[in-house]
Each structure stands twice: as C-alpha cells, then as structure tokens.
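Worksheet: the structure to be examined is printed underneath.
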C-alpha cells in the first residue's frame, strides 16, 4: 500500500455556478488542506459541497456556507477550510464549490492518495 502526497486541485478560480474542484479517480483520497482566497475588493459568498459518488450537490451535503447566502469572505481574505481537513474520499466522491460572483475566489487543495 503506497500513500502519495498530491495536489488535489488548483490553483483554480471558482465561478458563479457549481464547479467540481476534485473527483477521487481511484483508490482512497485524503484531504489535508484546502484554501479559498477572495481576490476581489468586495465581500463574496462561498458554498462548498461534499458530493458522495452517485449523488448530486444539494442542501443535504453543504459543508461550507448555505445555498442562499454562502460563507462570507471579505476582500483579500484567505480561508483555510477546516470543514474539509481530514476528509476521506472514495472513488467518485467529489468536492464542489460555487461563489456568488464569477472570478472572485481562488482555491487550492492538497492531500494524499492511496
């Protein structure tokens, strides 16, 4: 059994529609850290879902923010998502995110795969 450190995704910019940041392709994945950064001059909202294989993003799998309001990130704020730390992903599981405005939030994620 080999455990390999990997960049899971990013840097990538989140749009104003849900975008899949990462889907576990094989084996088991482990999220170490995900950082979201507001690169605009205003406050923006962030929503993040953990979508298990065979399911879709919805109210029952939001882990950051809320579908209507989102999690507020102020201008220039970097947010280390503790909600995603130590998350275990199996084949087909995905991390999905959305901002209330396009090109406002950059993100990067790292972890391990087995």
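Since every read-out is calculated from the coordinates, none of them should be taken as a lab result. Given the structure is predicted, the values throughout are model-derived calculations rather than measurements. Cβ sites come from the backbone with ideal geometry, for glycine too, and all protein chains shown count toward neighbours.
Residue by residue through the range 80-93, note down the ones that are touching a strand residue (DSSP E or B) at 6+ places or on another chain (Cβ under 6 Å) and buried (at least 19 other Cβ atoms within 10 Å of the Cβ).
81, 84, 89
Can you pull out every residue in the range 24-44 that is surrounded by 18 or more Cβ atoms within 10 Å (Cβ to Cβ) and either over 18 Å from the mean Cα position of the chain (by Cα) or not in a strand (DSSP E or B) (or both)?
24
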